[in-house]
Amino acid sequence: MTNGDKKRKVIFDKFADNLKLLAELGLLPTITPKFERTYICPICLDHFSVEALDQTIKNPLTLEDAPPKSLGGKANSLTCKRCNNHCGQTIDYHLKERMRELDRSQFLPKTEFNAKFEHNGTTVQGTIRIEEDGKITAIHKNKTNHPTKLETFIKNILPDRIINLTFLKTPVDPFKLLLALLKAGFLMTFPKYGYSFILNPTYDRIRQQLQHPEKTSYPKEFWFQPLFPKEIYGVPFITEAGLEAILPIFSLTTKSSERPFATIIPLTIKPIEETILELKNR
């Protein structure tokens with residue numbers, strides 16, 4: 001059994017026990033677990049038995065990183081492979097690229113990006129690399145340029161000549177990168193408070209938005225960049241009157257930077273729009 005297998009089994013058992021207890025206490029009036037030991041994917045709400053831990057089946061349960069692992073997150077729950085892949089490809093990608101884009105725009109150390117170099121009417125492609133000590137290096141590769149054209153370009157470059165530099169940006173959808181923040185906050189809330197929260201119909205709006213990122217059905221103002229000390233990062237409750245909500249606070253970390261984010265996850269007692277409006281009024 002691999003470390004991944006062991007971790008998936010521990011998470012499965014934890015939440016299967018949680019679900020079984022809620023069922024025994026009569027706290028799942030509209031849900032009947034399909035198996036003796038059941039795990040419900042927090043995004044699509046499909047039911048899975050322990051056999052779904054087998055990674056060779058069509059749609060197994062997979063480790064879910066919140067925030068994305070590439071941005072410093074860690075696996076804290078399971079989602080089915082279909083939801084994991086869908087969100088990773090359509091949502092998380094845009095957040096990762098945006099964080100890297102911010103690093104590159106500030107020329108932070110340990111960043112690298114593609115660019116076009118133009119001089120005297122000739123354009124070649126290459127890479128700009130910012131070393132750890134701040135040194136900037138331009139790299140031109142034969143495989144991305146016509147060799148003869150590249151050789152001529154380099155020969156014509158003199159110390160007193162100006163080269164026009166254009167950064168090549170990756171396509172980032174502003175709304176989808178926000179949904180990646182929403183997903184991170186939602187999937188941090190799940191392991192903290194369990195099925196008693198996450199199965200409430202209040203969170204169907206979040207699930208629908210994550211599954212259908214091409215449509216805007218959730219308010220965009222659910223996030224902000226906090227100035228809180230790291231000691232309170234996590235998934236605290238806001239108990240102040242008018243601002244009652246869950247507030248996942250986390251850092252997104254790249255090779256070059258660390259940026260804090262907070263997301264507002266509504267409680268079941270009021271819609272998120274009311275909390276956002278109250279926050280704006282203050």
query: Does the stretch 70-92 include one or more residues that are surrounded by fewer than 20 Cβ atoms within 10 Å (Cβ to Cβ), within 23 Å of ILE249 (Cβ to Cβ), within 9 Å of the chain's Cα centre (by Cα) and not small (Gly, Ala, Ser)?
result: no
task: Of the numbered conditions (1) over 29 Å from GLU97 (Cβ atoms); (2) open to solvent by 30 Å² or more (accessible area, probe 1.4 Å); (3) not acidic (Asp, Glu), LYS220 fails exactly one; give the number of that condition.
output: (1)
Some residue of the stretch 95-106 being part of a helix (DSSP H, G or I), under 20 Å from ILE206 (Cα atoms) and either among the aliphatic types (A, V, I, L, M) or open to solvent by 20 Å² or more (accessible area, probe 1.4 Å) (or both): yes
Pairs, first farther than 19 Å from LEU182 by Cβ in the stretch 236-247, second outside any loop (DSSP other than H, G, I, E, B) and modelled with pLDDT of 85 or more, C-beta under 7 Å, six or more apart: GLY242/GLU278
Subset of the stretch 58-93 that is assigned to a helix (DSSP H, G or I) and of a type in the set (D, E, K, R) - its residue that is nearest to SER257 (Cα to Cα): LYS69
message: So, in the stretch 15-36, exactly how many residues are free of Cβ contacts under 8 Å to residues at least 24 places away in the same chain and not β-branched (Val, Ile, Thr)?
response: 12
- prompt: Which residue, of LEU165, LEU247, is open to solvent by less than 20 Å² (accessible area, probe 1.4 Å) and either over 30 Å from THR111 (Cβ atoms) or touching an Asp or Glu at 6+ places or on another chain (Cβ under 9 Å) (or both)?
  reply: LEU247
- line: For the stretch 107-131 the number of residues that are open to solvent by 50 Å² or more (accessible area, probe 1.4 Å) and among the hydrophobic types (A, V, I, L, M, F, W, C) is 1
statement: Exception for ARG205 within (1) surrounded by 15 or more Cβ atoms within 10 Å (Cβ to Cβ); (2) within 23 Å of LYS74 (Cβ to Cβ) falls at (2)
field: Among the residues listed as SER196, SER256, SER251, SER217, the single one being out of contact with any strand residue (DSSP E or B) (no Cβ under 8 Å at 6 or more places or on another chain) and in contact (Cβ under 8 Å) with a residue 60 or more places away in the chain
entry: SER196
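The values are calculated or read from the model by the stated rules, or taken from the named source; none is laboratory data. Please read all numbers here as calculations on a predicted model, not as lab measurements. Note: ideal-geometry Cβ built from the backbone for every residue, glycine included; neighbour counts use all protein chains shown. Keep in mind that these areas ignore ligands, DNA and RNA; they rest on the heavy atoms of the full protein, side chains included. Shrake-Rupley method; radii C 1.70, N 1.55, O 1.52, S 1.80 Å.
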